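> Can you keep this structure in mind? I'll have questions shortly.
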Amino acid sequence: KQLYTALIERRNLNQAAAIHCTTPQEAEDLRNFGIQTPPIILPLGVEQPEFIPTAKSELYDVFNIPKSRLIILFLSRLHYKKRPDLLINALNEIVSQNHNIHLIMAGNGEAEYTTYLKQLVHQHHLADYVNFPGFITGRAKEILFQGSDIFALPSYSENFGIAVAEAMVAGLPVIVTTGIQIAPEIAAANAGIVIKRDTEFIGAINRLLNSETLRSRLSKNAMELASQKYAWKEIASQLICSYKDIIGNSGAKNLP
């Protein structure tokens, strides 16, 4: 990639009329990469989900989860960068204090790493508290979002974090790290808990587990943030305006 960038791609990027970045931090990363092209900063979009009133009961039934348990959802690629192992280790600590919790690890990944995560679950004797449903799409995915109680993604880094936006538009309070680039927006809207250090992770989960009021408040704020800032209709309108500006500034003669 470094050779390809040096010989070809950096030149291509510097000759573009604009580059679409999904967050201000991504635009900063672009500048640090040596790209002088002006950025268009617009987030990715999410669809407003159709409400499924039976989502929670269906989720409990599908995974045979005791109805007394609160459900934490991890939905992303099973990869070390996403740090699902941190979530499993945190669960081990929390289960010893509160058995009314269950973790769903939705997503796929390389066989070796997935095996490692499952071995970690068995090592902590958490088999009755964790499910690995694999890659989930469609209605089943919406049931996961709408039937869970908390969404957690402790990634090292995410240039946007589309799964986080999908969780918020479904009304899930989220726990994310500062490495997720929409974390400042989440913090500003009080739509979730942003952790700066690994040691804060267990405390963040416990805060949400122990307070239905806090979960409800963050849920409402999360839904409002996602519906207003990440709605496809609004993003598409802004993108059309940006494209028109580019065409107007460069001239139609430059277009293919």
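The values are calculated or read from the model by the stated rules, or taken from the named source; none is laboratory data. These figures come from a predicted structure and were not determined experimentally. As a convention, Cβ positions derive from the backbone with ideal geometry for all residues, glycine included, and neighbour counts pool all protein chains shown. Ligands, DNA and RNA are stripped out before the accessible areas are found, and what is left, the full protein with its side chains, is counted by its heavy atoms. Shrake-Rupley method; radii C 1.70, N 1.55, O 1.52, S 1.80 Å.
> In square nanometres and to one decimal, what's the mean projected area of the convex hull around the Cα atoms of segment 166-256?
That works out to 7.8 nm².
> How large a share of the accessible area of segment 42-164, in percent, is made up of carbon and sulfur atoms when the probe is 1.4 Å and the other protein chains stay in place?
Values: 2960 of 5840 Å².
Carbon plus sulfur share of accessible area: 51 percent.
> Turning to a different aspect of this structure: Placing +1 on the Cβ of each Lys and Arg and -1 on the Cβ of each Asp and Glu in the chain, which of L225, A106, I65 has its Cα farthest towards the positive end of the resulting dipole?
Of L225, A106, I65, it is L225.
> For segment 163-211, divide the Cα radius of gyration by the Kirkwood radius and give the resulting Rg/Rh value with two decimals. Could the numbers behind the result be given before it?
Numbers: Rg = 10.4 Å, Rh = 11.0 Å.
Computed over Cα atoms, the ratio is 0.94.
> Tell me which residues come under 5 Å, amide H to amide H, from T178 once H is placed; ignore anything under 5 positions away on its chain.
Amide H to amide H, under 5 Å and 5 or more residues apart or across chains, T178 pairs with I195.
> A further question on this structure: To one decimal place, what Kirkwood hydrodynamic radius in Å is obtained for segment 26-120 from all pairs of distinct Cα atoms?
Details: mean 1/r = 0.0592 Å⁻¹.
Across segment 26-120, the inverse of the average 1/r is 16.9 Å.
> Related question: Over all directions, average the projected area of the Cα convex hull of the chain and note it in nm².
For the Cα atoms of the chain, the hull's average projected area reads 15.7 nm².
> Longest exposed-loop-site-free stretch of the chain, with trypsin sites (Lys or Arg not before Pro), DSSP loop and at most 15 other Cβ within 10 Å? Kindly include the intermediate steps, with their values, before the conclusion.
Details: sites that count: K1, K67, R77, K196, R197.
By the stated rule (loop sites, at most 15 other Cβ atoms within 10 Å), 78-195.
> Considering the alpha-carbon set of segment 82-151 alone, what are its Rg and its Dmax in angstrom?
Cα radius of gyration and Dmax of segment 82-151 are 12.3, 35 Å respectively.
> Moving on. Per residue of the chain, what 222 nm ellipticity follows from adding -39500 (n - 2.57) for every DSSP H run with n ≥ 4, rounded to the nearest 500?
Numbers: 11 runs with 119 residues, N = 256.
For the chain, the value works out to -14000 deg cm²/dmol.
> Residues of segment 88-236: accessible area per residue at 1.4 Å, in Å²? Provide the component values of the computation, followed by the final result.
Working: 6700 Å² over 149 residues.
About 45 Å² of surface per residue is accessible.
> Mind checking the log10 I(q)/I(0) for segment 62-208 at q = 0.13, 0.22 Å⁻¹? Debye, one equal scatterer per Cα, no solvent, two decimals.
Debye intensities relative to I(0), on a log10 scale: -0.52, -1.68.
> With +1 on each Lys and Arg Cβ and -1 on each Asp and Glu Cβ, and nothing else charged, work out how big the dipole of the chain is about its Cα centre, in Debye to the nearest 20. Each step should come with its number before you reach the end.
On the way: 24 positive and 24 negative charges, 71 e Å.
Rounded to the nearest 20 debye, it is 340 debye.
> Summing +1 for each Lys or Arg and -1 for each Asp or Glu, what net charge is found among the other residues whose Cβ lies under 15 Å from the Cβ of I19?
Details: positive: R10, R11, R31; negative: E9, E26, E28, D29, D245.
Neighbourhood net charge equals -2.
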